[in-house]
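Engineer: Mind looking over this structure? Questions follow.
The values are calculated or read from the model by the stated rules, or taken from the named source; none is laboratory data. This one's a predicted model, so the numbers in the text were calculated from it and none came from an experiment. Neighbour counts run over all protein chains shown; Cβ positions are idealised from the backbone, glycine included.
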Amino acid sequence: MVPLSVSQIEGATLTAWPALRQAQDGLWLWRYAQGYTKRANSIHCLDASDGGYAELRLMRLAELSKRHRIPPVFRVTPLTAPEIVEVLDGLLWEEFEPSLVMAMEMPNEDFPLDFQARYFEPTDPQWIRAQAQMSGYDQPTIDVLGEILGHISCEARGVLVYHKAGLPVAAALAAVASGIGIYLNVVTHPNARGMGYGRAVMGAALNWVRSKGATHSAIQVLAGNTPALNLYGSLGFGEVYPYTYRRAPDWGRG
């Protein structure tokens, strides 16, 4: 089977996790979602050949971010034109949260599950409530999450895995875009980590995307998140490419 390209993965991820507002400048994409998640509140370059007038375009989109009261952030991937990186370096945009994209071909069989799992429509309040509680979200964040989930245009499901007492202890969002399974908002309750629930919720999510015809899967993870890297590696994911974020120095850390 042919491996996934960076463009395929980035495109599937953008579809699976929509912004609430977008603006395009050539093959650059500005995304806004009231500050919830960096991938939905940043500037992206979708083709490394589109680096013309990089500083002018960067300043224009950074100003758009400021007008919407979010930090000007650029998501740097292998698709980012070299001219853009040169401008970011020259303007001293700070690099933060280095991350990795991992991918895998889907296996021919389902993953075994040691715990009960259930699937929900992404906008189901029961799933949103459980996911938000495990993540420690406040009400404004929950409201934005619900709005983003309502904008998902591809097939998607919220996944919950339960403790034997019947309480949800792990959650994930699974989506299928262009035949690629994408996994977001993977979280285990702080008091239930290291007990196999994270593996179970990912196994359940992988089984669902396989049932929907996905041939590959991809997931994004912080480069320093060793437990997650080990978990995804044990499920069959392998590193495909790194990415990072760059933020404007005049915005500060708030």
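Engineer: What about V76, is it within 23 Å of I9 (Cβ to Cβ) and among the β-branched types (V, I, T)? Quick ask: steps written out before the conclusion?
Structural biologist: Values: within 23 Å of I9 (Cβ to Cβ): yes; among the β-branched types (V, I, T): yes.
The answer is yes for V76.
Engineer: When the residues of the stretch 121-136 are filtered to those that are closer than 21 Å to T13 by Cβ and not aliphatic (A, V, I, L, M), which remaining residue is surrounded by the most Cβ atoms within 10 Å (Cβ to Cβ)?
Structural biologist: Going residue by residue through the stretch 121-136, those that are closer than 21 Å to T13 by Cβ are 121-123, 127-128, 131, 135.
Next cut, not aliphatic (A, V, I, L, M) only: 121-123, 127, 131, 135.
On the way: E121: 13, P122: 23, T123: 17, W127: 24, Q131: 26, S135: 15.
Across the stretch 121-136, the extreme among qualifying residues is Q131.
Engineer: Give the stretch 79-133 a look and list any residue that's over 21 Å from G179 (Cα atoms), in contact (Cβ under 8 Å) with a residue 60 or more places away in the chain and acidic (D, E), or say none.
Structural biologist: Once the filter is applied, which keeps residues that are over 21 Å from G179 (Cα atoms), in contact (Cβ under 8 Å) with a residue 60 or more places away in the chain and acidic (D, E), the stretch 79-133 yields E94, E95, E97, D114.
Engineer: Quick one: T226 ticks every box in (1) out of contact with any Lys or Arg (no Cβ under 7 Å at 6 or more places or on another chain); (2) in contact (Cβ under 8 Å) with a residue 12 or more places away in the chain except a single one, so which number is it?
Structural biologist: Looking at each condition in turn, T226 falls short on (2).
Engineer: Now for a different question. Regarding R210, is this residue in the same structural domain as N41 (by TED's automatic domain parsing), modelled with pLDDT of 95 or more and of a type outside the set (D, E)? Explain how you work it out, then say what you get.
Structural biologist: Details: in the same structural domain as N41 (by TED's automatic domain parsing): no; modelled with pLDDT of 95 or more: yes; of a type outside the set (D, E): yes.
Considered against the rule, which asks whether it is in the same structural domain as N41 (by TED's automatic domain parsing), modelled with pLDDT of 95 or more and of a type outside the set (D, E), R210 comes out as no.
Engineer: Among the candidates A248, A218, A165, A204, single out the residue that is out of contact with any Ser or Thr (no Cβ under 9 Å at 6 or more places or on another chain), of a type outside the set (K, R) and surrounded by fewer than 24 Cβ atoms within 10 Å (Cβ to Cβ). Full working, then the answer.
Structural biologist: Working: A248 fails: out of contact with any Ser or Thr (no Cβ under 9 Å at 6 or more places or on another chain); A218 fails: out of contact with any Ser or Thr (no Cβ under 9 Å at 6 or more places or on another chain); A204 fails: surrounded by fewer than 24 Cβ atoms within 10 Å (Cβ to Cβ).
Among A248, A218, A165, A204, only A165 is out of contact with any Ser or Thr (no Cβ under 9 Å at 6 or more places or on another chain), of a type outside the set (K, R) and surrounded by fewer than 24 Cβ atoms within 10 Å (Cβ to Cβ).
Engineer: Restricting to the stretch 79-135, what's the tally of residues that are β-branched (V, I, T) and either under 19 Å from the mean Cα position of the chain (by Cα) or within 18 Å of A200 (Cα to Cα) (or both)? Working first, answer last.
Structural biologist: As a first pass, look at the stretch 79-135 and keep what is β-branched (V, I, T): 80, 84-85, 87, 101, 123, 128.
Among the residues that remain, those that are also either under 19 Å from the mean Cα position of the chain (by Cα) or within 18 Å of A200 (Cα to Cα) (or both) are: 80, 101, 123, 128.
The total comes to 4.
Engineer: Moving on. Determine which single condition I219 fails, assuming it passes every other condition in (1) in a helix (DSSP H, G or I); (2) under 29 Å from V2 (Cβ atoms).
Structural biologist: (1)
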